[in-house]
1. Using a Gaussian network model of the chain with C-alpha springs under 10 Å, which one of 35, 95, 86 is most mobile by mean-square fluctuation?
2. Going down the list 81/111; 135/155; 111/155; 167/246, which pairs span over 26 Å between their C-alpha atoms?
3. Per q in 0.21, 0.24 Å⁻¹, report the Debye log10 I(q)/I(0) for region 170-257, using one uniform scatterer on each alpha carbon and no solvent.
4. Between residue 238 and residue 52, what's the calculated FRET efficiency when r is the beta-carbon distance and R0 is 30 Å? Round to 0.05.
5. Using Cβ counts within 10 Å as a stand-in for footprinting exposure, how do 87, 50 rank, fewest first?
6. With bins 10 Å wide starting at 0, give me the P(r) of region 55-164 over every alpha carbon pair, in whole percents.
7. Classify region 49-113 from the C-alpha gyration tensor, please: rounded if a/c falls under 1.5, else prolate or oblate depending on whether a/b exceeds b/c.
8. Using a cut-off of 13 Å between beta-carbons, work out the net charge of the residues near residue 44 (Lys and Arg +1, Asp and Glu -1, residue 44 not included).
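FYI, it's all coordinate maths here, none of it is from the lab. Predicted model only: the values in this text are computed from it and were never measured. Using ideal geometry, Cβ is built from the backbone for each residue, glycine included, and neighbour counts are taken over all protein chains shown.
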Amino acid sequence: MEVSGEAVKKSRSRANLPDYGYPVEDRAVLVDKATTVNERLTLKYGPARWSSKDPMSMLVDIILSHRTRDAQTAAAYAALKARYATWEDLRDAPTADVEATIAGVTWPEQKAPRLQAIMRKITADQGNLNLDFLKEWPVEQGVEYLSRFEGVGPKTRACVLLFSCRKPILPVDTHVHRVSIRLGLLGPKVSAEAAHDLLQALLPDAAQAIYNFHRGLLRHGQQVCVYERPRCQQCILRDLCDYYQKKVLPQATPARG
Ligand code: SF4
């Protein structure tokens with residue numbers, strides 16, 4: 001499912017819940033759970049800090065990061081900055097040169113031509129290679145603009161618009177997706193793409209709160225609610241968590257009789 005600005009708006013304004021992947025009787029229950037999760041994780045990990053990257057630089061960074069560990073992404077980004085004085089230089093460089101510079105990320109052979117194609121299209125559209133105008137545009141318009149680029153999906157669009165433009169839109173990465181399902185904010189079969197609108201509809205329309213939620217679930221997914229064997233005994237969300245209540249607690253409590 002593609003996240004459009006219109007979809008974000010509709011999702012927020014619906015009186016009844018959209019399909020969360022399982023029967024939910026009361027929207028307020030989910031909103032309360034998301035609010036409490038956000039409060040606790042923000043206390044634990046601290047409020048998210050805004051990036052100093054401009055939107056064009058953030059787009060480069062996020063494209064590099066697809067299916068790539070943070071350290072390799074940071075190394076490739078630093079290598080690009082060292083190799084090319086400006087993004088225009090990267091845009092106009094031989095593609096093989098760009099590919100070699102980002103060789104440490106996953107799929108450099110796709111990412112190098114993709115970055116250059118996007119940069120050429122932005123230049124053709126705008127007359128220069130700069131996405132700062134997205135800061136001034138409404139979030140729905142920014143989503144629509146970024147949707148025109150191949151390889152720029154819901155997560156990438158939301159990352160650029162939230163992290164660099166401070167727009168109220170939620171990126172859902174693998175950690176946010178997994179932890180949300182375990183908590184019961186989403187049904188087990190809801191895709192990460194569909195989760196963008198569904199989770200955002202549970203949050204306030206405020207960029208800092210949305211960023212805190214994203215960053216809190218990301219950190220929690222990396223440190224506590226890890227992919228294999230979540231560390232539930234260390235978790236501050238046990239009383240809220242469907243996975244813990246249904247799968248972990250019954251095994252820890254001896255059956256009576
Ligand atoms: S209780 Fe366990 S499964 Fe639930 S959020 Fe915490 S670590 Fe994840």
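1. Residue with maximal mean-square fluctuation among 35, 95, 86: 86.
2. Beyond 26 Å: 167/246.
3. -1.01, -1.24
4. Plugging the Cβ-Cβ distance into 1/(1 + (r/R0)^6) gives 0.25.
5. 50, 87
6. Bin by bin from 0 Å, the calculated values are 15, 50, 31, 4.
7. oblate
8. Neighbourhood net charge equals +2.
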